[in-house]
Structures are given as structure tokens and as C-alpha cells.
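Inspection log for the structure reproduced underneath, given as C-alpha cells.
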Amino acid sequence: MWPLIRILPITTNFRFVAFAKFAGVASVLAAIASLFLALYPLTPPCGGMNCGIDFKGGTLLEISTAPQAVDLSRVRSELGGLELGDVQVQAFGAPSSALVRFQTPEGESSEQAIEEVKAALTSALGEVTFAKTEVVGPKVSGELFQNGLMALGFAIALMLVYIWFRFELQFGIGAVVGLLHDVVLTFGLIALFDLEFSLTSIAAILTIIGYSMNDTVVVFDRMRENIRKYKRMPLAELIDLTINETLSRTIITGLTTILALGALAIFGGPTLFGFSVIMIFGVVIGTYSSIYVAAPIILLWGVKRGEEEAEPLPVRT
Amino acid sequence: MMTLSRWKIIVVVLATIFGVLFSVPNLLPQQTLASMPAFIPRQQLNLGLDLQGGSHLLLEVDTQALRAERLVNTVEDTRVTLTAEGIAFSELREQGGDITVRITDPARRNDAATVLRRNLGTPLAGTTGGSDITVNNDGEAGLRISFVEAAMNAEAAKAVEQSIEIIRRRIDELGTREPTIIRQGVDRIVVQAPGESDPERLKNVIGQTAKLTFQMVDESADLAAAAEGRAPPGSEVLPSEDGLTPFIVVRRRALVSGEMLTDASQGFDSQTGEAVVNFRFNSLGARRFGEATAASIGQRFAIVLDGRVISAPVIRSAITGGSGMISGSFTPESANDLAVLLRAGALPAPLTVEEQRTVGAELGADAVRAGQISTGIGFVTILVFMVLAYGGLFGGISVIALLINALLIIAVMSVTQATLTLPGIAGLILTLAVAVDANVLIYERMRDEIRAGRTAIAAMDAGFSKAMSSIIDANVTTILAALIMFQFGSGPVRGFAWTLSIGVLTSVFTAVLVTQVLLALWFRATRPKTLPIV
């Protein structure tokens, strides 16, 4: 039994490609659903996602009434009377803490608004500590949003160029379609579970891009090797062989990463929770996309095989 | 690959020593470190504001206000210059960023232009004979004074530089520990003050322009018109905070201004016991103030701070000593803050707070604790999993490599003083997973080669050499993602990108080189026929 690696069959022979059509349809449906969830209603800037103040602008306060639990409905009703635009109150980690988010009303400075909120909360709840205050002005939030999207775009474009450079264009396209798939589904997850969409989420998505590429590259690398080795094997079989060969690595690395991220999600406190959950999802979806999105795209497109390259070499003198 | 060259062992040993030496300071309290001999490194991990507690402010210098002020001053200077030259004029006004004026006698238009050019312009930096304004004919009898764009931009850039200097002086006076003040982009300033969890005080101290002027009160003004905001030419209506009247009409031209102060301090009025701000002028300021007060005994002058009148005392005698005091409705603390501001100097332009992030020290400490626990558990989980998956020997070798990796990450982060943020902790865990991946790739490759019928030594060799291209490609993509984050991210995201990049580099180093050296040592000692991972 031990080491566990002995449990994994020495050679697996799963017919991954046989399910590719089914998986493709599922992926496309999931991507459409995710896009819908993330975009609808088309309110700028974040559509259907729970927009953090990083991108929407406004003020965020983390309040704590330890040792008592925060009376969230009391906080809501108290702040509702202040005529601040769009107040959001949510539990955050321990029952004695909560997050309050609000927009600064027109014609009022953010300082004034914060003072009002602090006064209202202190009079309603007694002793309140304000553990965290974040204010993002409208100009900055617009820039952060734009930069965030640009970062995602550049990251994907850069991956395309790198894979193109290291492999071939087909591989690059396959990898990028895989990445887009991962990013879109992650947006869907953020919208579905109402996770906050903030700068940190962008960092998480960029990391997912890194991980998913990592995974894809390992498969592609093996595929390239096999293409050279088995010149006459049909491409579908060759892809199956490659995925099977790298399967034990995929499982072990994926499991380790998920275990480590799981520890972060459980013990890392409320701030790391959202981040870790997005990453765990990304690891799963990134692994899936290497097998069922990136590789089948290569199958669709075809790839230069040894025969075509075996043209007569130019005579060297 | 498996031939054990001496340099590989040396590199691994040196790296391990470096890792231990430079990560150990993080385990010791600050006092113990201070008492250690000088060769022991002192640098600990540089915790971000989200872990340490503190304030982050993004300020924008309002360069538009600077322009507007320049415009107002130039209108006044034009009025004074033309009057002094005895040139009659009318319709002096601001128009779309320029100033236009009608010269009554068309024959004197050229004279007016010449004298205005000489008196209003300042030489343009980097040119000979260039001026920052142009005076051109405008219509039949008019003149148009415009500002040179490049000069305005240079002035705005200078204002940002000055603002940084003044903010630094003000924050230093507050006694904030190691603030970071850096310029961002064209007209923005980032202030990071660790440990300062009262952002309101910080904002009060750095956000206030603190432009102090002494201006004569215009007693001739029509109070009814002033109530509607209208003032005679050359005067302006300012809100008053002296508690006597809601507004006061003052002459625009300042007698003396804050630049001429040499000192300011908080004190108490000997008669009323009220908190006041004592100040002292430099010699130029003292002379001007002396002359002006001597000429206007019995009249009032207004002490104006940022466009609001603090008080408007009556001049009882010429004030020639060069020192005085400002009384108003001060508390000792607010008087002290004002004295700090006056000592540090006025900001050349107003600042607006565009972004503020403050974390209380307690919340930071909680985050550090949660970070330590979760990283520790995550790390141990990875170690246990590797031993379970690959057995005592290969798993154990991975464990040693991972431990060295963790030491190296902490050491490099401490030495480079890269900022560790909360998302950065997640980055750390992720790099450990990356390190595991490199190890797994190598081990899996070895298993493949054994299955393909190679000998133990050949399989180990091939494992390293064939896994290399995958490892490099896979990690370059992560580094690329980190670069992008560094380019576009801010604050915590940059911290994350740093941690990720450092971690990827050390991970590749340990997973490839440390593992290789350990495996080679094992191989040399036991000469196995097969590998215990098949």
C-alpha cells in the first residue's frame, strides 16, 4: 500500500478523447452560463458579480463588537436611515465582526460620510471598533478596474505568444482557449456564490492562469515528445496516450495544491477564504481544461507531423 | 546528470547556509537581535500594511487649482502693473484660461504689452529669453495674456515634488514610524504609514494646504453686496471662523504670507489662557509686516488660513518685533497641529485623497496569526502527502528540498525586504505546490524510464534531463503571470506577485538541484538495482 504511488496503476488506458465531444458541449454550456451570470444585468462596472469597492468606489468598514455578536439587521436599519447610496452589510468571519460597504452620497466628502456612519453605529451598538477602513475614490476605482481587465488580457496574450514560441501556433491557440475557458468559468463561480470581485480576485485569477498554463504545458510537452516518437500513431490515440502518461503527475500535483489551499481556506481567516476558494476551483477547472479543452483543440486543428517535416534537407557544403 | 560534481554540492550547501542565516532573524524578537554581534543579519520579513496595521493613502495634487490660483494672481498683477504705469484700462477679466484686457488708449497698447511681459513673466526653464507667458493683441484695442503649456506643466511637476517634501516634513513631525512617501504617475503621491491607524489625524495633517496669509480687511466694502458674494475690485469675500461674523471682505493682496515664517509653536495666551499659535517672521516678513501695520493703525487685518479667516484683530500699534500669535477657537491639540503645518510649510496646491486603506494593528496581528497557522498546516500537509505518496526515501528527499525551499524563500524575502502581504501568504503556499510539481515531474519521469526497462541510474538520469523542459516551460508561464501582476497591480497584489516570483525561482532551484544532490548521494552510498517508487 505504501507508498501510495503504487496504488496508481502503472499504465492507465482511459479513452479521454472519446468523451471530448460531450465534454466540449458541457464546457460551452458552462461558459455561456458563466458569462450570463457574470455579465447580467449589464450594470457597469461588474455586471452580475458582487463588486468590491476596489472597482466600484466607495467606503468599506470592518466593524467588530467583540465579544458580542453583531446585530446585522440593526446595523442595516440604522444605516438605511442615513441616505447613503447602496449600503451593504454582511457577516465576516467571526460573528462579532461584519463588513459595511456604502457609497458616498453626492456632494458629501467621504470623511463626512464615514464620520456619520461611525457615529450612527456607535450610538446603536455601543462599543464598536473599526478594524479596517478603505476608501476608494471614483477616479481610482475606474483605473483599478481598467488595469485589472488589462492585466487579464495581457496575461492571456503573453501566454499565447510564449506557447507559440516554444511549441507551435496550434498549441498556443489550444492553451489560450483553455485559459479563456478557465477565466470565464471562474467569473461564473464568483457570480454564482456572490464572492466579492476585487483586486484580490484578479490576483487569484492571474494565478489560476499561471497554474492552468503550467498544467497545459506539461501535457503539451509530453505530446510534442510523443509526436516525435510515434510518427504514425493517429492523433486521437496519441493524445490519449499523452494524457494517460501524465495522469499520475496531474493527480498528485493537483491533490497537493488543493490540500494546501484547503488549509488556507479553513484556517486562513475570512480574507484568505474567498481567495483560496477561487484558487481551488481554478486548480480543478485548470486541470480539466488541459485535458478536455486544450488537447482536443489540437485534435480539431491538427498538427504538423513528422512526415510533413521530412522534406529533403538542403544540401550542405 | 547523476554524476555528483563538486560545485553542485557546494552550491546546495552554501544556499542552505544562506537560507538558515538570513531566515533565523525572523524567529528572534527585535531586542535580542539588537544585542547580537554585528555579523548576524538583522532584517526580518517586511510585513505589508494589511499584516502590520497602518494607513495607506493615495493623494492627488490638484494641479488645476494651481492653475486657477496663478490666473487669479496674474489678474491682480495686471491690474497693479497697469495702474502703476498710468495706463487706463477696462474689462480686465479671465477668459477660457487666458486673461483679456481692453486698453482705453489704443496708442498705449504696445507700451502696455511690453510692461506686462516684463513684469508678469518668469523666465522659462531650459530656454534663453523664453517666458512662461505670452502677451498678444486681441481684437481692436485688447490684449490677451496666455500661459505657455510647457511652463504650466513644469510648474505642476514642481508642485508635486514640493508636496512630497512638505508631506514628509509634516509626517516626521507627527512621529510616525518609517513612513514611505513616493510619487506615482504624474500628479499622485502614495503615503504609507505603518502603525498609524488613525487615518483621520494623518489626513488632517497632510491634507490641509496650510496656506497662511495676512490680508487687510476692506472696511469700505458694501456688506449687503458682500453677503451675496460680491466684493469691490481687488477685494474678496472670505468665510470667517472667528465666531463674530459669517464672512469678512479682505483685500486680495497679501501683506505677508506663510513662506515668511521661520518658526511656529503652540502656546497659551497669558491673559485669557486660551491655546494659541506663536509665530516668528523672517527679516523680510518682519519688515513688511512692521511697515504695513505702522501705516494702518486702527484698522483690522485678517489672518487667513486656506481661504478661511481665523481671526481679524485691530492693529493697535505697529508690530515690529517680527513675532506674534494667532488666537482663534483652538484646542491645545489643534493649535499644535497648526503649528506643525506652519513649520513644515504650505502645500503648493491642494491635495485630494483618492484612495485610503487603513488596517488596525489588532486586525493585522490576527491576520498574521491566521496566516502562520494556515501556512504551517498547509506546509505540513504537503510534506506528509509527499511522504505518503513517494515513500520514506523519495518522499523524504522532497521534504528536505521543500524545507530548504521554505528557508530560502523567507531568507530572500527578508534580504530583499520584499513586502509580504496576506495574499502573498497564499502565494507562498502556491509556490510550494509548484516545487512539489517539479519534484513530481522528475519522479514520474523516472518511473516511466524504469518501466521502459532502463537501469536505476539511467532512469534517474533521464528523469532529470527529460523533465527539465517541462519544468522550465511550466515555471516561465508562472513568472510571466507574476510579471503582469507586478505591472498592473497595486499594493497587496504586487506583494503577491513578488512572493510568487521569488518562490518560483527558489522552488526550481531546490526541486532540481537539491533533489539531485540528495539522490546522487543516496545512489553512491547504496548502489541500488531499482528505485523504490515503482
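Taking 56 Å as R0, compute the FRET efficiency from the Cβ-Cβ separation of A:GLN146 and B:PHE268 and round it to 0.05. Show your work: numbers first, answer last.
On the way: r = 53 Å, r/R0 = 0.95.
With a Förster radius of 56 Å, E is 0.60.
Could you give each residue of segment B:267-272 its phi-based ³J(HN,Hα) in whole Hz, using Karplus coefficients 6.51, -1.76, 1.60 with θ = phi - 60°, and x for Gly or Pro?
Along segment B:267-272, the couplings run x, 10, 6, 5, 8, 9 Hz.
Using only the alpha-carbon atoms, how far is helix B:6-23 inclined from the longest principal axis of chain B? Give it as 0 to 90 degrees, nearest 10.
Result, in degrees: 50.
In the protein assembly as shown, how many lysine pairs have Cα atoms under 24 Å apart, counting only pairs 8 or more places apart or on different chains?
Count of close lysine pairs: 20.
Taking the Cα centroid of segment B:441-492 and of segment A:1-33, what is the distance between the two, rounded to the nearest whole Å?
So the two Cα centres are separated by 22 Å.
Using helices alone, I'd like the mean residue ellipticity at 222 nm for chain B: each DSSP H run of four-plus residues gives -39500 (n - 2.57), total over residue count, nearest 500.
So the calculated ellipticity at 222 nm is -17000 deg cm²/dmol.
For segment B:464-532, what mean projected area does the convex hull of the alpha carbons give, in nm²?
5.6
Give, in nm to one decimal, the length gained when the segment between B:GLN299 and B:ILE182 is fully stretched (0.36 nm per residue of separation minus the Cα-Cα distance).
37.5 nm
What Kirkwood radius, in Å to one decimal, follows from the Cα pairs of segment A:164-317? Show your work: numbers first, answer last.
Numbers: mean 1/r = 0.0592 Å⁻¹.
That comes to 16.9 Å for segment A:164-317.
Taking the Kirkwood radius as the inverse of the mean 1/r across Cα pairs, report the Rg/Rh of segment B:1-47.
1.19
Take every Cα-Cα distance within chain A, group them into 20 Å bins from 0 onward, and report for each bin the whole-number percent of pairs it holds.
27, 45, 22, 5, 0
Long-range amide H contacts for A:LYS132: which residues qualify at under 5 Å (H placed 1.01 Å from N, peptide plane, sequence gap of 5 or more or a different chain)?
Result for A:LYS132 returns A:GLU62, B:GLY360.
Give, in whole angstrom and from largest to smallest, the semi-axes √(5λ) of the equivalent ellipsoid of the protein assembly as shown, with λ running over the eigenvalues of the Cα gyration tensor.
66, 31, 27
Taking each full run of DSSP H in chain A as one helix, which ones are at least 24 Å long along their axis (Cα atoms) and have mean Kyte-Doolittle hydropathy of at least -0.5?
A:20-39, A:138-166, A:169-192, A:199-229, A:247-267, A:269-289
Just the ratio, please: alpha-carbon radius of gyration of chain B over 2.2 N^0.38 Å, N its number of residues. Intermediate results must be reported in sequence, preceding the final value.
On the way: Rg = 34.8 Å, N = 534, 2.2 N^0.38 = 23.9 Å.
Cα Rg divided by the expected 2.2 N^0.38 Å: 1.45.
Which cross-chain or sequence-distant (5 or more) residues have an amide H under 5 Å from the amide H of B:GLN184, H modelled 1.01 Å from N in plane?
Distant-sequence amide H within range of B:GLN184: B:ILE189, B:VAL190.
Given labels modelled 7 Å from the Cα in the Cβ direction, how far is it in nm from B:ARG42 to B:THR83?
Going by the 7 Å Cα→Cβ label model, 6.1 nm.
Would you mind ranking B:ASP138, B:ASP366 by Cβ crowding within 10 Å, fewest neighbours first?
Sorted ascending by nearby Cβ count, the order is B:ASP138, B:ASP366.
Quick one: Cα convex hull volume of segment B:253-395, Å³ per residue?
Convex hull volume per residue, Cα atoms: 203 Å³.
I want to check the label-to-label distance for B:ARG451 and B:SER329. Put each point 7 Å from Cα in the C-beta direction and report it in nm to one decimal.
Between B:ARG451 and B:SER329, the simple spin-label model gives 8.4 nm.
Over all directions, how big on average is the projection of the convex hull of the alpha-carbon atoms in segment B:1-150, in square nanometres?
The Cα convex hull of segment B:1-150, projected and averaged over all directions, gives 21.1 nm².
In Å, what Rg and Dmax follow from the Cα atoms of segment B:341-401?
24.3, 70
For segment A:1-110, evaluate the Debye formula with one uniform point scatterer on each Cα (no solvent term) and list log10 I(q)/I(0) at q = 0.16, 0.17, 0.20 Å⁻¹, rounded to two decimals.
The calculated log intensity ratios at q = 0.16, 0.17, 0.20 Å⁻¹ are -0.86, -0.92, -1.11.
Who wins for biggest fluctuation among A:PRO296, A:PRO41, A:PRO138 in a Gaussian network model of chain A, springs between alpha carbons below 10 Å?
Maximum fluctuation in the GNM of chain A, among the listed residues, is at A:PRO41.
Report the residues of segment B:279-298 in range of a label on B:ARG316: point 7 Å along Cα→C-beta, backbone N strictly under 13 Å from it.
Answer for segment B:279-298: B:298.
Compute the acute angle (0 to 90°) between the alpha-carbon long axis of helix B:361-390 and the principal axis of greatest extent of the alpha-carbon atoms of chain B; round to the nearest 10°.
20
Averaged across orientations, what area in nm² does the convex hull of the alpha carbons in segment B:88-178 project?
Mean projected area of the Cα convex hull: 8.7 nm².
Once segment A:171-232 is represented by equal point scatterers at the alpha-carbon sites, with solvent omitted, what log10 I(q)/I(0) does the Debye formula produce at q = 0.13, 0.19 Å⁻¹?
Here log10 of I(q) over I(0) equals -0.45, -0.74.
For segment A:112-167 and segment B:57-74, what is the separation of their C-alpha centers, rounded to whole Å?
After rounding, the separation between the Cα centres reads 28 Å.
All of the numbers you see were taken from the coordinates with simple rules; none came from a lab. No experiment lies behind these values; they were computed from the predicted model shown. Reconstructed Cβ throughout: ideal geometry from the backbone, glycine too, with neighbour counts over all protein chains shown.
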